[in-house]
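> Sharing a structure with you now.
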Amino acid sequence: MTTMGFDIVCVSAFTAEDGAMGMLLKQQLMFGLLVVLLAAYVWLRHVVARKIRAGKMPDRHVRLSPDGGDHEQVDGELVRQMRQYKADEGGGCEPTTMRRVCVELPDRPYDILIDRGLLWRVGPLAMEAAGGRSAFIITDTNVGPLYAEATAKGLADAGYATFVVSFPAGEPNKTLATVSCLFDQIFAAPTPPDRESVVVGLGGGVVGDVAGFVAATLLRGVALVQVPTSLLADVDSSVGGKTAVDHPAGKNLIGAFHQPRIVCIDTGVLATLDKLELSCGLAECVKHGVIRDESLVTWLDQNADALLGGDADRLTELIARNVAIKAAVVAEDERETGRRAHLNFGHTIGHAIEAVAGLTVGSAGEGDYLRHGHCVALGMVAADHIAVSRRLLPADQAERVERLLSRLNLPIRRAGLDGPELLRIMRHDKKARGGVLRFVLPAGSVGAVEIQDDVTEEEIFAAIGYLATG
């Protein structure tokens, strides 16, 4: 247990006479004293660790306040709440039906683990995958109160000096200013970071992107462990190594590729996810089906009600299928020089909508703004419209996708969008090449796509106009 430490200062209480015999005696006595003190230190650490594990002593790790103020000691109330979750919901420390998907990168493959109760095993899993002595949990003000305590305890029990740093929740805070604030907190920690430190991203897509960017740039790069807590982060943003923050010119324009050492997906935490965020994650699942697996689209349609109702078994199956698709695409094209761009289906227009409408009051059903998953859904509808107009996709296939999106409580229409403004934002999109927009469009039927770079402004405006119909 490295969150508790003891400073041992050895002071000699005697003087030896001059001469060789006196010097030898002094060295022997000092050596003996050091051995005794070291043995006592090891024994005391062992006793303390046993008492903490038995619940007889409160564990202590440091949470650093978002404003950079004084360190506060965190009590164990949330740990007790999460233990109650294990008792009530059947979670546990030992996975029983764990799914494992490997991202087969040539020089640094890593595992994605999926099961209930993984939150309590993040510590040993991180230690095995990343090593290190200190861990910095990056979370936000929504997720932190729910899961930071349990995650920190697991890391501390595994041997990490553990620190929790946080920032205000929401896409508007996915900025360089937030990253700078997080660095301030990290560098103020009692144990300074080093290149063997580990950053743990605990949260949804925004947290994962920010934590990944911090890991990529802290001391020129440290190990990253992703612990996603939303469906969208589970199936998409936690896998593949894309990290970024936003800029006024557009979404995700400042970032780096930085692969995690391991991804731990605890499906039990989805029980605390609101319906709005659940639907947003389902948008990315539809995307994966449209670009790679028609049978997934059929399965989503057949299981829509169960998924929206939070059925644990079906959500686990959904996550495993989607992660396998994402992992295969990333392994084939890590840096998005080719086929990984297929994952951008729905994102060219979707990101532009998010930039102008995503952070204002929207009409996505409920909530205070149009979120990423909503914008991707609208972007997919627009891309399908372009594909139909180009005779790449039969109209009935586009209608099939729209019906599924609507069943999953995702928007398929949006009035009031400014075509020229969206086009201006799209031209700043990182997926553009030489100022030319590249669209991922369905080709032939659901389950296959291709990249086209000759989509005209008229086609884009017609697709945006289509979103306002009906």
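The values are calculated or read from the model by the stated rules, or taken from the named source; none is laboratory data. Keep in mind the model is a prediction, meaning the values are calculated, not measured. When we count neighbours, we look across all protein chains shown, and the Cβ atoms used for this are built from the backbone with ideal geometry, even at glycine.
> Under the condition of being in a strand (DSSP E or B) and of a type in the set (Asp, Glu), which residue from segment 229-277 is nearest to ARG371 (Cα to Cα)? Give the steps one after another, and end with the answer.
Within segment 229-277, the first condition is being in a strand (DSSP E or B), and the residues that meet it are 242-247, 250-257, 262-266.
If we keep only those that are of a type in the set (Asp, Glu) as well, we get 246, 266.
On the way: ASP246: 14, ASP266: 23 Å.
Ranking the candidates gives ASP246 first.
> I'm told VAL210 meets every condition in (1) touching a residue at least 12 places away in the same chain (Cβ under 8 Å); (2) more than 10 Å from the chain's Cα centre (by Cα) except one. Can you identify the failing condition by its number?
Answer for VAL210: the failing condition is (2).
> Then there is this: Picking from ASP429, ASP453, ASP418, which residue would you name as being among the acidic types (Asp, Glu), in contact with a strand residue (DSSP E or B) (Cβ under 9 Å, 6 or more places away or on another chain) and farther than 21 Å from VAL388 by Cα? Talk me through it step by step, then tell me what you get.
Numbers: ASP453 fails: farther than 21 Å from VAL388 by Cα; ASP418 fails: in contact with a strand residue (DSSP E or B) (Cβ under 9 Å, 6 or more places away or on another chain).
Of ASP429, ASP453, ASP418, the one residue that is among the acidic types (Asp, Glu), in contact with a strand residue (DSSP E or B) (Cβ under 9 Å, 6 or more places away or on another chain) and farther than 21 Å from VAL388 by Cα is ASP429.
> In segment 188-205, how many are part of a loop (DSSP other than H, G, I, E, B) and either in contact with a Phe, Trp or Tyr (Cβ under 8 Å, 6 or more places away or on another chain) or more than 30 Å from ASP274 (Cα to Cα) (or both)?
Kept after step one, since they are part of a loop (DSSP other than H, G, I, E, B), are these residues of segment 188-205: 188-197, 204.
Subsequent filtering for residues that are either in contact with a Phe, Trp or Tyr (Cβ under 8 Å, 6 or more places away or on another chain) or more than 30 Å from ASP274 (Cα to Cα) (or both) retains 188-197.
Qualifying residue count, segment 188-205: 10.
> While we're looking at this one, here's another question. With the checklist (1) modelled with pLDDT of 95 or more; (2) over 16 Å from the mean Cα position of the chain (by Cα) in hand, flag the one item PRO260 doesn't pass.
For PRO260, the failing item is (2).
> Could you please find all residues in segment 278-288 being buried (at least 24 other Cβ atoms within 10 Å of the Cβ) and of a type outside the set (D, E, K, R)? Steps first, please.
Going through segment 278-288, the residues buried (at least 24 other Cβ atoms within 10 Å of the Cβ) turn out to be 279-288.
Those that are buried (at least 24 other Cβ atoms within 10 Å of the Cβ) and of a type outside the set (D, E, K, R): SER279, CYS280, GLY281, LEU282, ALA283, CYS285, VAL286, HIS288.
> Moving on to the next point. Give the residues of segment 154-177 that are of a type outside the set (Gly, Ala, Ser), in a helix (DSSP H, G or I) and either crowded, with 21+ Cβ neighbours inside 10 Å or out of contact with any strand residue (DSSP E or B) (no Cβ under 9 Å at 6 or more places or on another chain) (or both), sorted by residue number. Write out each step before concluding.
Kept after step one, since they are of a type outside the set (Gly, Ala, Ser), are these residues of segment 154-177: 155, 157, 160, 162-165, 167-168, 171-176.
Imposing the further condition that a residue be in a helix (DSSP H, G or I) reduces the set to 155, 157, 171-173, 176.
The answer is LEU155, ASP157.
> Restricting attention to segment 184-198, and to residues there that are of a type in the set (A, V, I, L, M, F, W, C) and more than 18 Å from PRO109 (Cα to Cα), which single residue is surrounded by the fewest Cβ atoms within 10 Å (Cβ to Cβ)? Outline the logic, then answer.
Pass one, segment 184-198, residues of a type in the set (A, V, I, L, M, F, W, C): 186-189, 198.
Remaining after also requiring more than 18 Å from PRO109 (Cα to Cα): 186-189.
Details: ILE186: 21, PHE187: 12, ALA188: 17, ALA189: 18.
Among those residues, the one meeting the criterion is PHE187.
> Answer with yes or no whether GLY208 is part of a helix (DSSP H, G or I), of a type outside the set (A, V, I, L, M, F, W, C) and either over 30 Å from SER445 (Cβ atoms) or at pLDDT 95 or above (or both).
Numbers: part of a helix (DSSP H, G or I): yes; of a type outside the set (A, V, I, L, M, F, W, C): yes; either over 30 Å from SER445 (Cβ atoms) or at pLDDT 95 or above (or both): yes.
Yes, satisfied.
> Take segment 421-470 and flag every residue that is of a type in the set (D, E, K, R) and in contact with a His (Cβ under 7 Å, 6 or more places away or on another chain).
So in segment 421-470, the residues of a type in the set (D, E, K, R) come out as 421, 424, 427, 429-431, 433, 438, 450, 453-454, 457-459.
Passing the criteria: only ASP429.
> What number of residues within segment 315-327 satisfy the criterion of being without any contact (Cβ under 8 Å) to a residue 40 or more places away in the chain and within 17 Å of VAL440 (Cβ to Cβ)? Give the steps one after another, and end with the answer.
So the first thing to find is which residues in segment 315-327 are without any contact (Cβ under 8 Å) to a residue 40 or more places away in the chain, and the list is 317, 321, 325.
Going one step further and asking which of them are within 17 Å of VAL440 (Cβ to Cβ), we end up with 325.
Residues that pass the stated criteria total 1.
> Same structure, new question: Name every residue in segment 289-309 that is surrounded by fewer than 16 Cβ atoms within 10 Å (Cβ to Cβ) and either of a type in the set (Val, Ile, Thr) or over 13 Å from LEU408 (Cβ atoms) (or both), in order of residue number.
The answer is GLU294, SER295, THR298.
> Counting only residues that are over 8 Å from the mean Cα position of the chain (by Cα) and within 13 Å of PHE257 (Cα to Cα), how many does segment 223-238 have?
Quick first cut of segment 223-238, residues over 8 Å from the mean Cα position of the chain (by Cα) only: 223-225, 230-232, 235-236.
Pick out the ones that are also within 13 Å of PHE257 (Cα to Cα) and you get 223-224.
Residues that pass the stated criteria total 2.
> Looking at this structure, is SER230 in the same structural domain as ASN142 (by TED's automatic domain parsing), under 10 Å from PHE136 (Cα atoms) and buried (at least 24 other Cβ atoms within 10 Å of the Cβ)?
Working: in the same structural domain as ASN142 (by TED's automatic domain parsing): yes; under 10 Å from PHE136 (Cα atoms): no; buried (at least 24 other Cβ atoms within 10 Å of the Cβ): yes.
No; evaluated as a whole, the condition is false for this residue.
> Does ILE265 count as touching a strand residue (DSSP E or B) at 6+ places or on another chain (Cβ under 9 Å), within 27 Å of LEU176 (Cβ to Cβ) and either modelled with pLDDT of 95 or more or in the same structural domain as VAL103 (by TED's automatic domain parsing) (or both)?
no
> Where residues in segment 340-384 are among the acidic types (Asp, Glu) and modelled with pLDDT under 95, which of them is surrounded by the fewest Cβ atoms within 10 Å (Cβ to Cβ)?
Within segment 340-384, the first condition is being among the acidic types (Asp, Glu), and the residues that meet it are 354, 366, 368, 384.
Subsequent filtering for residues that are modelled with pLDDT under 95 retains 354, 366, 368.
Numbers: GLU354: 26, GLU366: 10, ASP368: 12.
Among those residues, the one meeting the criterion is GLU366.
> Let me ask something else. Within segment 109-145, which residues are under 20 Å from GLN185 (Cβ atoms) and either at pLDDT below 95 or part of a loop (DSSP other than H, G, I, E, B) (or both)?
Of everything in segment 109-145, those that are under 20 Å from GLN185 (Cβ atoms) and either at pLDDT below 95 or part of a loop (DSSP other than H, G, I, E, B) (or both) turn out to be GLY132, ARG133, THR141, ASN142, VAL143.
Residue-by-condition table, conditions (1) under 15 Å from ILE265 (Cβ atoms); (2) at pLDDT 95 or above:
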| residue | (1), (2) |
| --- | --- |
| LEU276 | no, no |
| ALA283 | no, yes |
| ASP293 | no, yes |
| ASP301 | no, yes |
| ALA304 | no, yes |
| LEU307 | no, yes |
| ALA312 | yes, no |
